[in-house]
1. Return only the number of the condition from (1) surrounded by 17 or more Cβ atoms within 10 Å (Cβ to Cβ); (2) out of contact with any Pro (no Cβ under 8 Å at 6 or more places or on another chain); (3) of a type in the set (S, T, Y); (4) within 17 Å of M264 (Cβ to Cβ) that T217 does not satisfy.
2. Name the residue, out of E196, E260, E213, E172, that is farther than 22 Å from Y39 by Cβ and free of Cβ contacts under 8 Å to residues at least 40 places away in the same chain.
3. Looking at the range 124-136, is at least one residue in contact with a strand residue (DSSP E or B) (Cβ under 8 Å, 6 or more places away or on another chain), in contact (Cβ under 8 Å) with a residue 12 or more places away in the chain and over 22 Å from V265 (Cβ atoms)?
4. Quickly run through the range 84-110 and pick out the residues that are of a type in the set (A, V, I, L, M) and either closer than 23 Å to G136 by Cα or surrounded by fewer than 18 Cβ atoms within 10 Å (Cβ to Cβ) (or both).
5. Restricting the search to the range 150-166, which residues are farther than 17 Å from G67 by Cα and in a helix (DSSP H, G or I)?
6. If you check L226 against the conditions, is it more than 21 Å from the chain's Cα centre (by Cα), closer than 26 Å to H259 by Cβ and either surrounded by 12 or more Cβ atoms within 10 Å (Cβ to Cβ) or not polar (S, T, N, Q) (or both)?
7. For R133, are the conditions met, namely being farther than 21 Å from K54 by Cβ and either modelled with pLDDT of 95 or more or out of contact with any Ser or Thr (no Cβ under 9 Å at 6 or more places or on another chain) (or both)?
8. Hey, any hits in the range 66-75 for a residue that's closer than 18 Å to L154 by Cα, touching a residue at least 60 places away in the same chain (Cβ under 8 Å) and buried (at least 20 other Cβ atoms within 10 Å of the Cβ)?
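The values are calculated or read from the model by the stated rules, or taken from the named source; none is laboratory data. Since the structure is predicted, the reported quantities are computational estimates derived from the model, not experimental observations. Note: ideal-geometry Cβ built from the backbone for every residue, glycine included; neighbour counts use all protein chains shown.
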Amino acid sequence: MTSAPRSDVPDTTDAQETIGQRFSRHSALRSEKIYGRGYQGPSGFDVFSRLTAKLDWTPGLRVLDVGAGLGGDAFRMAERFGATVTGLDVSPDMTGICRQRAADGEVTGVEFVTGDVRTADLREASYDVVWTRDCGMYLPADDKYRVWKRLHSLLRPGGQVLITDYCRGAQEASAAFEQHVRECGHHLLTLDGYREVLESAAFTAVTVEDRTEELLTSMRGELSRLETERPAFLAEFTEDEYRALVDRWQKKIQFSADHELVWMVLTARVPAS
């Protein structure tokens, strides 16, 4: 990761279309079956509670949820903390589902916007918290700095950041893991590399934690739930899709157990003045 972008105006069209296609309505609802309602990643309320405990909450905080997915955290933050949440996601299918659920009265104080974080029309110094779960891995290396520099400008003085993301372990990775990363279209940093990106983008109080054991617990529970609820899954999706999900989870569990795939929690701040 370089400490400065190579160009001022990135070409985001291909990346946006690829991610938008990957997270279609069908694929999002299929993944929700294994993660839980509203989620495309670890969804337990205990996970959410441990993450939110890392930030200072007061009623009325404005939160930008980058890569909001199916809105699970956005709805929870609005309901539990009285936050006003803008959920941003590149997938129009996922933001469409979120808007429908918001209209159905799940919770107030949440809006969902379709757009790429690199180009979306967002006002500077408008947010108190940037929250993003397991999304940075889709950004190419040179875009990671650019995005966090922009997100720094969107936060008010004293603003807070919480990130969870997948990273690569410090040791040399296996060929199987590198193939998995390529097939998934991920661009993974190490924990130290992630810290360097945030610090180079002028964030302070950057704290990085390896929470891979928590990820393993979540994934094992998700796989067990999927296997238990196989008949309900097959009522909506195919046997091939079921087997593909099981295979994917088994691989991720093994990569995490070998510490090739690492799950990170990072917090940071914008200086108060």
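1. (1)
2. Numbers: E196 fails: free of Cβ contacts under 8 Å to residues at least 40 places away in the same chain; E260 fails: free of Cβ contacts under 8 Å to residues at least 40 places away in the same chain; E213 fails: farther than 22 Å from Y39 by Cβ.
Answer to the check: E172.
3. First, pick out the residues of the range 124-136 that are in contact with a strand residue (DSSP E or B) (Cβ under 8 Å, 6 or more places away or on another chain): 125-136.
Adding the requirement that they be in contact (Cβ under 8 Å) with a residue 12 or more places away in the chain leaves 125-136.
Filter once more, keeping what is over 22 Å from V265 (Cβ atoms): 125-126.
Yes, that holds for at least one residue.
4. Once the filter is applied, which keeps residues that are of a type in the set (A, V, I, L, M) and either closer than 23 Å to G136 by Cα or surrounded by fewer than 18 Cβ atoms within 10 Å (Cβ to Cβ) (or both), the range 84-110 yields V85, L88, V90, M94, I97, A103, V107, V110.
5. S153
6. Details: more than 21 Å from the chain's Cα centre (by Cα): yes; closer than 26 Å to H259 by Cβ: yes; either surrounded by 12 or more Cβ atoms within 10 Å (Cβ to Cβ) or not polar (S, T, N, Q) (or both): yes.
The answer is yes for L226.
7. Numbers: farther than 21 Å from K54 by Cβ: no; either modelled with pLDDT of 95 or more or out of contact with any Ser or Thr (no Cβ under 9 Å at 6 or more places or on another chain) (or both): yes.
Criteria not met by R133.
8. Looking for residues that are closer than 18 Å to L154 by Cα, touching a residue at least 60 places away in the same chain (Cβ under 8 Å) and buried (at least 20 other Cβ atoms within 10 Å of the Cβ), one finds at least one in the range 66-75, hence yes.
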